[in-house]
Structure formats: C-alpha cells, structure tokens
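A.B. asks: What follows is a structure written as structure tokens; I'll ask about it next.
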Amino acid sequence: MDNCSQLSDFFKTNHPDYLFVAPLINFKHRNYVIDEENNYFRLFPFVKNSYTCNSVSKPRQAFEAAKQFGKFTSLLSRFDATKLHITLPDFHNLTLRLEQFKSAIQTGNKKRTSDSGESIDFLLKHAALADSFEKIKKNPSFRLRVVHHDAKINNVLFDIGNDTGLCVIDLDTVMPGYYFSDVGDMLRTYLPPVSEEESDFSMIAIRDEYFREIVKGYLGEMKASLSGEEKEYFVYAGKFAIYMQALRFLTDYLNEDIYYSIKYKDQNLIRAGNQIELLRRFIEKEDRLTGILNA
C-alpha cells in the first residue's frame, strides 16, 4: 500500500493527466482501513465506461495493452525504483526457479519424477536461459525500473467506446525489476491463441502479427528509455517468461501440487507440457521474431 502511495504522489506531481487508479484515502489519511477484527480493506474508484478482457483475440488489443505497460514504466523512468518495497521476493528470479526445480527433481514425488523424464530433460537442456539472466543482472546496461510484473491482458482497462487502453490495474506486484519481465509476460500470454490450460498442444502457436503489435505498442513508449543492449533482449524476454513458467508448473507437479490450485489430476503436468511446447514453438520462430523487431 505504501508503494501505491508513493506512485500516486509521483503521478500527481509529475504526470497529473495520467489515469492512475489509486486506492481512496480515508479520514485517517491512509489508503486502507483495518476493522475491529484486524481485517484490511481498501476502496478503489470505479472507472466508468471501461472494461477488461481475459484473452487476446485481436492484434489491436495486444498493441493497446503493450502501449499501456510501456507507458507506465516510461512515465516512471525518473522515479527511484529502489524506493519501492518488494511485495513478492524473488518473484521473477529465474535462477532461483531453476534451483527449486532441480531440488524438486531430487526430493519430489519419485513416480511423478520418473513419469516426467522427457519434460525434465527438456528444461535442463535450456538452463542456459538462467545463465543469461545472471549476466543481465551484472550488466550496467540493464537498468532496474518500476515494472508491473503481471502484464496479463486482464490487468489493462480498455475504453468501452473505442477499445483504446486506458491504464494498467492490479498494482500489488509493482516492484523494481527489469523491463523484460513485463514484455515476457505479454509474449507468453498474448502470442498463443490458447491459454496455459490448453491440453491439446497442437493448438499452440506463435502469432506473428501479435508480436508485431506488442513491439509497436511497447517500444512506442519505451524505445527512448531502453539502451541498445536492453532492446536486443526483447525476444529473450519471451523465452525467459515461458521457461520460468514451465519450471514453476513442473516443480509444483513434482512437489505434489502444493502451490498452484488444480481441478484435476496431473493438471500441473499438462500446464508444464503446454509451456514447454510454447517454448519450442517460440524458439522455432526466434529468427523471424528478431527480424520483425529490427524491421
């Protein structure tokens, strides 16, 4: 909640026309209340004539959402990201996710580990993606920024009248981070025509036109803020996010489903397989995507 207060104050002072949907302030000058039973509540203003959507069915939606996430980080380029609290420690720490995966292979359910051999081998084979992440953290060309960290399409408000993006919402994950966290989330969830829940892997594909619109929308706002080296990792962002999510799903499956809720047996294994297939398709198209990025 303090993060929300800091960002709200910054926007009011520096970008008063930006729609930042901040929690309302109460008579105690707080942006939350605590009741007699020690429950916490907050109240947000309702944004009229706006809507959210849960899937990306048009390239224009990808453009508008990417533009809003890029605009959010770009407008906060003069805000000291290190002043923000870490609300979810190591949320996008790929190195840690890989270590947790390796630990689950050793200590998790033995039958599940045996049954998942092909998926385990694939993910271990691509461990160099975590090595790249470690190099990035040591590279001064990559700047810590204010990043949303959950750039799904349903965290953008759209205008009912003309379908343009209005702003980003659901700000609890806003923390210091690298730009490719948000870009990676968008590439992972906007490019395929089906979600991570899809069990028919033949339906998984990479939609070039959606990638093009993400590039246009995000870099239209962020191009001037990014170093040349940062921009070179735009496509890596997709591999980063997809690989990390595959690791997390399979880790949870090996650990007997202790984190992600499931509705049927082996759901986390299906989710992991879905993301592995998505990563395969993404890597197959990497040269094509790089060409679109540099066009």
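A.B. asks: Take residue 121 and decide whether it is under 23 Å from residue 98 (Cβ atoms), of a type in the set (Asp, Glu) and open to solvent by 40 Å² or more (accessible area, probe 1.4 Å).
C.D. replies: So residue 121 passes the test.
A.B. asks: Another question, then. If you check residue 211 against the conditions, is it part of a helix (DSSP H, G or I) and farther than 19 Å from residue 119 by Cα?
C.D. replies: yes
A.B. asks: Which residue, of 214, 242, 206, is surrounded by fewer than 23 Cβ atoms within 10 Å (Cβ to Cβ), modelled with pLDDT of 95 or more and β-branched (Val, Ile, Thr)?
C.D. replies: Sole residue among the options that is surrounded by fewer than 23 Cβ atoms within 10 Å (Cβ to Cβ), modelled with pLDDT of 95 or more and β-branched (Val, Ile, Thr): 206.
A.B. asks: Just to be sure before I move on: is residue 107 open to solvent by 40 Å² or more (accessible area, probe 1.4 Å) and out of contact with any His (no Cβ under 7 Å at 6 or more places or on another chain) in the structure I sent? Walk me through how you get there before you give the answer.
C.D. replies: Working: open to solvent by 40 Å² or more (accessible area, probe 1.4 Å): yes; out of contact with any His (no Cβ under 7 Å at 6 or more places or on another chain): yes.
Here the answer is yes, as residue 107 does meet what is asked.
A.B. asks: For region 255-282, give me the residue count where each residue is among the hydroxyl-bearing types (Ser, Thr, Tyr) and closer than 17 Å to residue 100 by Cβ.
C.D. replies: Selection size over region 255-282: 2.
A.B. asks: Among the numbered criteria (1) buried (at least 21 other Cβ atoms within 10 Å of the Cβ); (2) part of a helix (DSSP H, G or I), which one does residue 231 miss?
C.D. replies: Residue 231 satisfies all of (1) buried (at least 21 other Cβ atoms within 10 Å of the Cβ); (2) part of a helix (DSSP H, G or I) except (1).
A.B. asks: Quick one: is residue 181 among the hydroxyl-bearing types (Ser, Thr, Tyr), buried (at least 18 other Cβ atoms within 10 Å of the Cβ) and over 20 Å from the mean Cα position of the chain (by Cα)?
C.D. replies: The answer is no for residue 181.
A.B. asks: Going through region 67-116 one residue at a time, which ones are assigned to a helix (DSSP H, G or I), closer than 28 Å to residue 266 by Cβ and hydrophobic (A, V, I, L, M, F, W, C)?
C.D. replies: Scanning region 67-116 gives 94, 96, 98, 101, 104, 105.
A.B. asks: Here's a follow-up. Just checking: which of the strands (runs of 3 or more DSSP E) contained wholly in region 129-185 hold 1 or more residues that are touching a Cys at 6+ places or on another chain (Cβ under 6 Å) and not aromatic (Phe, Trp, Tyr)?
C.D. replies: Working: elements: 145-147, 156-159, 165-168, 175-177.
Passing ranges, in order: 156-159.
A.B. asks: Could you count how many residues in region 117-144 are closer than 19 Å to residue 270 by Cα and among the β-branched types (Val, Ile, Thr)?
C.D. replies: Count: 1.
A.B. asks: Looking only at region 150-167, decide whether some residue is open to solvent by 10 Å² or more (accessible area, probe 1.4 Å), in contact with a Phe, Trp or Tyr (Cβ under 6 Å, 6 or more places away or on another chain) and β-branched (Val, Ile, Thr).
C.D. replies: The answer is yes; a qualifying residue exists.
A.B. asks: Still on this structure: Going through region 1-49 one residue at a time, which ones are free of Cβ contacts under 8 Å to residues at least 60 places away in the same chain, under 26 Å from residue 164 (Cα atoms) and of a type in the set (Phe, Trp, Tyr)?
C.D. replies: Within region 1-49, 44, 46 meet the criteria.
A.B. asks: Applying the selection to region 53-90, what residues are hydroxyl-bearing (Ser, Thr, Tyr) and either more than 20 Å from residue 173 (Cβ to Cβ) or open to solvent by 70 Å² or more (accessible area, probe 1.4 Å) (or both)? Walk me through how you get there before you give the answer.
C.D. replies: At the first step, the residues of region 53-90 found to be hydroxyl-bearing (Ser, Thr, Tyr) are 55, 57, 73-74, 77, 82, 87.
Within region 53-90, 55, 57, 82 qualify.
A.B. asks: Next question, about the same structure. Could you look through region 258-286, keep only residues that are closer than 24 Å to residue 215 by Cβ and out of contact with any helix residue (DSSP H, G or I) (no Cβ under 9 Å at 6 or more places or on another chain), and pick out the one that is surrounded by the most Cβ atoms within 10 Å (Cβ to Cβ)?
C.D. replies: Residue satisfying both the conditions and the ranking: 281.
A.B. asks: Within region 247-295, can you find the residues that are more than 13 Å from residue 123 (Cα to Cα), assigned to a helix (DSSP H, G or I) and among the hydroxyl-bearing types (Ser, Thr, Tyr)?
C.D. replies: Result: 253, 290.
The values are calculated or read from the model by the stated rules, or taken from the named source; none is laboratory data. All figures in this text were calculated on a predicted structure; none of them were measured in a lab. FYI the Cβ positions are ideal-geometry reconstructions off the backbone, even for glycines, and counts take in every protein chain you see. With ligands, DNA and RNA removed, areas are computed over all heavy atoms of the protein, side chains included. Shrake-Rupley method; radii C 1.70, N 1.55, O 1.52, S 1.80 Å.
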